[in-house]
Amino acid sequence: MNGTGDANRGHSDDGLTRRRSVFLAVAGATTLEYYDFMLYGIAASLVFGDVFFPVSNPLTSTLLALASFGVGFVARPLGGVLAGQWGDRHGRRPVLIASLIVMGTVTVLVGLLPGYGRIGFWAPTFLVLLRLIQGLAAGGESGGAVVYGVESAPKGRRGIFGSFAGMGQSLGAMLAMIVFGLSSALVSKDALLSWGWRVPFLIGGLVTLIGVIPLLRAPDTEEFVKKVDKQVDKNERRPMRTLFRQHPRALLLATGLSLGTNGTIYILLTFSTIYATNNGWSTTQAVNGQIVLTAAVTASILFAGALTDRFGAARLIVLAGIVMAVFNFVLFGALSGGSVVAFFAVFAVAGVIDSFITGCTPVYFASLFPASARYSGVSVTYQAGAALSGFAPALAVFLYDVSGKSMWAGPALGLLLLGIMVVCTIMLRDTAEEFGEAADTDTAAVPAGKEN
């Protein structure tokens, strides 16, 4: 009996070690991605105009800096195509490691880049080039993390393993806000423009190690090894051709799903801050509200992933979309008022609701495509939708302006984006595969969202 107990304990310990390794790898990868992207966005809004784009008009300077931020979104779909091709041909793990290393290296190089005052025109040129490379790396990173997490999960735990990626996203965004906030609070404005802004970017090098080290120690996913590496010759692995010939509907609808989910997040993270500061709240309060929002997502997302395994992704995404569409009106109504308690409470509630979108969609994306083209399918559709959704904050500002600064501008756009998300989710139910031991072939099985 002791021998059996030791064997069972050893098996349990191996499983626990495996879960910890996958969690650190997936969450670490997406933490780095969103730390870098959020950090660049904050710096572009506050300091890059002065450091890299000094012109006589401060607004023009800031717009040029934000334009460099947008270059990363343009590059992400191309990065998804390149990484997806390699990930489906050579394995998830090596491509994810390469994407992480490139992403972290670029972040450090941005922190070391001399400003316009030292090297003139070359400063913004190199900045845009680095941002372009960063976008390419990010294009393969989030999709790779989702696929690696979902394919590494044991039966019945795909949802919670997939939610590791969403947890890393919110954690990375929150970490970027906190680190940059501390850097700006501890030094003078002149020091911030001189060297203080560089510190958070250099810290990105340390964040890179968090994601890379667990991946270096972990194997590739069994699903890739069994379904692709052992069954499909490398010369016959043409994932993009497979997707466009056999899964065009899934590609289109999954892009719409990504547009809805990412656009909703950008409304919450970006436009709500603009709206709050235009309604009497300080910049510090607005940023603290975002920290509360991302903290609530981080705290709730594993629970959302666990419920996904119990009730199915589709029904939870639809339910969360409907609830968020209604709650957006409550959120912006509270931001229009003067209650500090209500201000932070609505951000916390919005974070909990959004965790069911962010936490349930990874396994749903992965279930839409066969293993032989999954890295490509997830990366391309997610990044294409993310690139399109990058215009959501600007569109919200436009609606806010033309409506005479009406409270409904943000919620109305949110209603449209969430409507797209819900419709695409429902239309994809017959395409999605329910992962399980019975899904040993590269074909669809049970529609996602249905219970076992």
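The values are calculated or read from the model by the stated rules, or taken from the named source; none is laboratory data. Only a predicted model underlies this, so the values are computations on that prediction, with no experimental measurement involved. Quick reminder, even Gly has a Cβ in these numbers, built from the backbone with ideal geometry, and neighbours come from all protein chains shown. Heavy atoms of the whole protein, side chains included, go into the accessibility calculation; ligands, DNA and RNA do not. Shrake-Rupley method; radii C 1.70, N 1.55, O 1.52, S 1.80 Å.
List of remarks:
- Residue in the stretch 425-441 that is modelled with the lowest pLDDT, counting only those that are crowded, with 22+ Cβ neighbours inside 10 Å and of a type outside the set (A, V, I, L, M): F435
- Within the stretch 62-114, the set of residues being under 16 Å from the mean Cα position of the chain (by Cα) and of a type in the set (S, T, N, Q) comprises just one member, S99.
- Looking only at residues of the stretch 398-410 that are among the aromatic types (F, W, Y) and open to solvent by 40 Å² or more (accessible area, probe 1.4 Å), we find that the one that is farthest from L335 (Cα to Cα) is F398.
- Those helices (runs of 4 or more DSSP H) of the stretch 45-120 in which at least 2 residues are buried (at least 20 other Cβ atoms within 10 Å of the Cβ) and modelled with pLDDT under 90, considering only elements entirely within it, cover 48-52, 58-90, 92-112.
- Residue satisfying condition, being under 24 Å from V378 (Cα atoms) and either part of a helix (DSSP H, G or I) or not polar (S, T, N, Q) (or both), within set L269, L293: L269
- Matching entry among L413, L395, L417 (being open to solvent by 50 Å² or more (accessible area, probe 1.4 Å) and either under 28 Å from A137 (Cβ atoms) or at pLDDT 90 or above (or both)): L395
- Here T273 qualifies as under 17 Å from S170 (Cα atoms) and buried (at least 20 other Cβ atoms within 10 Å of the Cβ).
- Here F347 meets each of (1) farther than 19 Å from G139 by Cα; (2) open to solvent by 10 Å² or more (accessible area, probe 1.4 Å); (3) not charged (D, E, K, R) with one exception, condition (2).
- Residue-level analysis places A320 outside the set of residues that are in a helix (DSSP H, G or I), surrounded by fewer than 24 Cβ atoms within 10 Å (Cβ to Cβ) and not hydroxyl-bearing (S, T, Y).
- Selected residue [open to solvent by less than 20 Å² (accessible area, probe 1.4 Å) and among the hydrophobic types (A, V, I, L, M, F, W, C)] from A185, A173: A173
- Residue tally, condition touching a helix residue (DSSP H, G or I) at 6+ places or on another chain (Cβ under 6 Å) and either hydrophobic (A, V, I, L, M, F, W, C) or over 26 Å from V397 (Cα atoms) (or both), over the stretch 252-267: 5
- Taking first residues from the stretch 272-298 that are modelled with pLDDT of 90 or more and partners that are open to solvent by 50 Å² or more (accessible area, probe 1.4 Å) and among the aliphatic types (A, V, I, L, M), the Cβ contacts under 7 Å between residues at least 6 apart in sequence or on separate chains come to I291/I178; A296/V352; T298/L171.
- Residue match in the stretch 224-245 (condition: within 19 Å of V330 (Cβ to Cβ), touching a helix residue (DSSP H, G or I) at 6+ places or on another chain (Cβ under 6 Å), at pLDDT 80 or above and of a type in the set (S, T, Y)): no
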